[in-house]
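Only one structure is covered here, and it is reproduced in the block below.
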Amino acid sequence: MEASLLFRTMAESDLDLVLTCLSEPSVNTTTDARFLDHLAAHSYRHEWTWLAFDGDSLAGLAVWWGFPAGDRPLALDALWAAPAVADPVPMWAELIRQVPKPAEYHIFTIPESRDDPEIVLRLRAAADAGLTTFNERFRYEWTSATPLPDRSARLRFAPATDDEFADAFERVSVGSLDVATREGVARQGARAQALEDLEDYKMMPGPRELWRLAFDFSGKLVGVALPSANAGGPVVGYVAVVPEQRGHGYAADLLAETTWILAAGGATVIRADTDSTNTPMVATFERLGYRRFALRLVAS
Ligand SMILES: CC(C)(COP(=O)(O)OP(=O)(O)OC[C@H]1O[C@@H](n2cnc3c(N)ncnc32)[C@H](O)[C@@H]1OP(=O)(O)O)[C@@H](O)C(=O)NCCC(=O)NCCS
């Protein structure tokens, strides 16, 4: 890397420069239009957008996303390098290092583009900067052209308090096949991870009133069904079964209920992600008529 590179966050006066970079076609999630929208919504910020300068000329750019009400950036949405930069990897790694961990880098793609050099180089920079856990997530979509799945005849669904959800999140994290959950539990313990999940789901734009706990007819907790939304529209926030109730196909009952609740609220498209390695969840989405349409690559 050029020893002379200077790293700093964006100033208001950099806006035109940043927008010019983001208007180039790329694998980045961030476009110029998205940058302006998210800046207005406070999910992109000047102080979360990092620039690398070689003298007076812009050499590199990193755009980070966070919750509008959050106090730190959580996910990298874009890495850009000037054509003059021969090997962008060291510069990108240094840009990523400017933001304290834990942090994630999400790249949206399709299976055929998985090994595109544009993606490979960005993931290499992320790994060099310490985001060494790599996770491939399948993206699923249900649309109203698909019939609604049958609603559960063996579970009862009820709203619950934050404390009850935190307890449930803690219980379902045991033996989870979800990479982010396992990483979070290993890093900070099951209780802290459950509380963080609770806060994160509450910051999503989907109404909190839609969340449900599921019980069997003897009154025992089965799991959680969290219809939600992100900036792109309705999503399956979370579906999870407590360890002692796994293996009865209840994940399908929870996903069916989540789908029903969102459809009843007017959703015509519902999106969801799950790790490619979470085979029971992958099978559940496919059984209920969710279509796999894309990949999300996550370095954390
Ligand atoms: C994924 C999950 C919801 C599946 O729930 P489920 O109701 O047990 O699913 P199924 O009954 O359809 O399971 C299918 C098979 O996978 C097995 N299985 C389910 N969860 C498993 C787990 N965490 N670890 C190992 N095996 C598991 C089941 O025992 C069953 O095996 P079998 O066919 O030999 O009986 C549940 O594992 C869970 O809550 N995990 C933690 C949260 C999570 O990963 N949610 C999805 C995030 S999008």
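What angle, in degrees between 0 and 90 and rounded to the nearest 10, separates the Cα long axis of helix 250-264 from the longest principal axis of the Cα atoms of the chain? It works out to around 70 degrees.
Sequence-ordered 3J(HN,Hα) estimates for segment 76-86 from the Karplus curve with 6.51, -1.76 and 1.60 and θ = phi - 60° stand at 7, 10, 7, 10, 10, 9, 5, x, 6, 7, 5 Hz, glycine and proline given as x.
Given axes a ≥ b ≥ c from the Cα gyration tensor, I'd like to know whether segment 159-242 is rounded (a/c under 1.5), prolate (a/b larger than b/c) or oblate. In terms of gyration-tensor shape, oblate. Among the trypsin sites (Lys or Arg not before Pro) in segment 33-117, those located in a DSSP loop and surrounded by at most 15 other Cβ atoms within 10 Å of their own Cβ are Arg114. Against the chain, whose longest principal axis is taken from its Cα atoms, helix 162-172 shows a tilt of about 90°.
Rg/Rh for segment 156-299 (Cα atoms only, Rh after Kirkwood) is 0.92. By accessible area, using a 1.4 Å probe on protein heavy atoms only, the chain has 54% of its surface on carbon and sulfur. Summary value for the chain: 20 percent relative contact order, contacts being C-alpha pairs under 8 angstrom separated by 6+ residues. Legend: translational diffusion of segment 1-111 by Stokes-Einstein, Rh = Kirkwood radius over C-alpha pairs, 25 °C, 0.890 mPa s; D = 174 µm²/s. Inter-part distance, segment 209-251 to segment 90-152, computed on C-alpha centroids, equals 24 Å. Charging the Cβ of each Asp and Glu at -1 and of each Lys and Arg at +1, and nothing else, the dipole of the chain about its Cα centre rounds to 1080 debye. Based on the Kirkwood radius over alpha-carbon pairs, what is the Stokes-Einstein translational diffusion coefficient of the chain at 10 °C with 1.306 mPa s viscosity, in µm²/s? The calculation lands on 77 µm²/s. The mean accessible area for residues of segment 6-132, using a 1.4 Å probe and ignoring ligands and nucleic acids, is 46 Å² per residue. Taken per residue, the accessible surface of segment 161-204 reaches 50 Å², heavy atoms only and a 1.4 Å probe.
The values are calculated or read from the model by the stated rules, or taken from the named source; none is laboratory data. All values derive from a computational prediction rather than experimental measurement. Positions of Cβ are generated from backbone atoms using ideal geometry, with glycine treated the same way; all protein chains shown enter the neighbour counts. Note: areas computed on protein heavy atoms with side chains; ligands, DNA, RNA excluded. Shrake-Rupley method; radii C 1.70, N 1.55, O 1.52, S 1.80 Å.
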